[in-house]
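J.: Quick one: structure below, then a few questions.
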Amino acid sequence: MEGECRCEGVNKDFPAGSVMRKFVKATFPVAGRAYRLKKILWERYNNNYHQRRAMFEAEECETKDPVVVKFFLEADSFMREDESGKRSMKVNATELFRNECKIWRILSDTGYTPKYYGKREMHQDLTFENPGGYLWILVLGHYPTFSLADAPLFLNADELPRIKKQMLDMAVKFNKNGLDYVGVSFLKFDPESRRVYATDFEYFSETEVRDDPLAAKNSAARWVSVVMDALRAGVEEIRGLSPMDVYIGFGDYGSDCD
């Protein structure tokens, strides 16, 4: 749940304004490497954890590798809970952060998720809004934000089998690591590498049958079929191969993980 604390620069990517924008060009060390922040992408306040979150485009100072740096900050000034409630909230927030880091770390080599560079858990100093509160940083490789639902703009019909093969391979590799991805509506596509990506960690769930490629393919077959039907219709419509007025989208299939 996003809060409505109004700060300077309110827009869709900064619904509560921004207090983190001032760190553009700052350098932060994480896991033995230094990262320079280049551009803030979004910033939001989360009421569920009384936590400020922000994401920046950045680069590794030595190699110049493009990365994204995510910040998670305790914003104590907004809290109304008693001390027990605050501790419970922090425990839950800590578990969520570490789970996100774990997922990206174990899936980093699959080729279907952002590369994991490292995390850091520290405390805010006087340059932040809540000195002494927690400050957590997660660094990931730069990843696409282009929706797979819009991929027909860049695809030809002869490329569709490759996309299908990627999605089935994705399901098998995630299963090998004990995970299923239930956010099919949120898959991303990189027009340059022509690869499919899963970038929303909240749509991962623990698999019921681990390290079973056949079961993974069988469970993925239905949603892969839904996605491929939508992509095929989109490619045909855009390339002028079908007279039908087809809506390009995956609907809500697999997007509800509650």
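What follows draws every value from the coordinates through simple rules; no lab data is involved. Everything numeric in this text was worked out from a predicted model, so none of it was measured. Using ideal geometry, Cβ is built from the backbone for each residue, glycine included, and neighbour counts are taken over all protein chains shown.
J.: Considering the stretch 131-223, what Rg and Dmax in Å follow from its alpha-carbon atoms?
T.: Radius of gyration, then largest Cα-Cα span, for the stretch 131-223: 15.5, 56 Å.
J.: Can you tell me, using C-alpha contacts under 8 Å and at least 6 residues apart, the relative contact order of the chain as a whole percent?
T.: On the way: 469 pairs, mean separation 35.2, N = 258.
Dividing the mean separation by the residue count of the chain yields 14 percent.
J.: Expressed as an acute angle from 0 to 90° and rounded to the nearest 10, what is the orientation of the C-alpha long axis of helix 83-107 relative to the principal long axis of the chain?
T.: So the inclination is approximately 40 degrees.
J.: Sticking with this one: Under a crude label model (7 Å from the Cα following the beta-carbon direction), how far is Lys64 from Thr145 in nanometres?
T.: Simple spin-label model gives 2.3 nm for this pair.
J.: Taking Cα pairs under 8 Å and at least six residues apart, what relative contact order does the stretch 21-141 come out at, in percent?
T.: Numbers: 218 pairs, mean separation 27.4, N = 121.
That works out to 23 percent.
J.: Something else now. Report, to the nearest 10°, how far helix 213-238 tilts away from the longest principal axis of the Cα atoms in the chain, using its own Cα long axis and a range of 0 to 90°.
T.: The two axes meet at around 80 degrees.
J.: Now for a separate question. Order the peptides 121-133, 59-71 from the highest to the lowest mean number of other Cβ atoms within 10 Å of their residues. Walk me through the numbers on the way to the answer.
T.: Numbers: 121-133: 13.5, 59-71: 16.0.
Highest mean packing first, the order is 59-71, 121-133.
J.: Another question, then. Quick one: what does P(r) look like for the chain with 10 Å bins over all Cα pairs, in whole %?
T.: Going from the shortest bin to the longest, the percentages are 7, 26, 31, 24, 11, 2, 0.
J.: If you don't mind, another one. What relative contact order, as a whole-number percentage, does the stretch 163-202 give when Cα pairs under 8 Å and 6 or more residues apart are counted? Display every interim value, and only then the final one.
T.: Details: 27 pairs, mean separation 13.8, N = 40.
RCO, the stretch 163-202: 34 percent.
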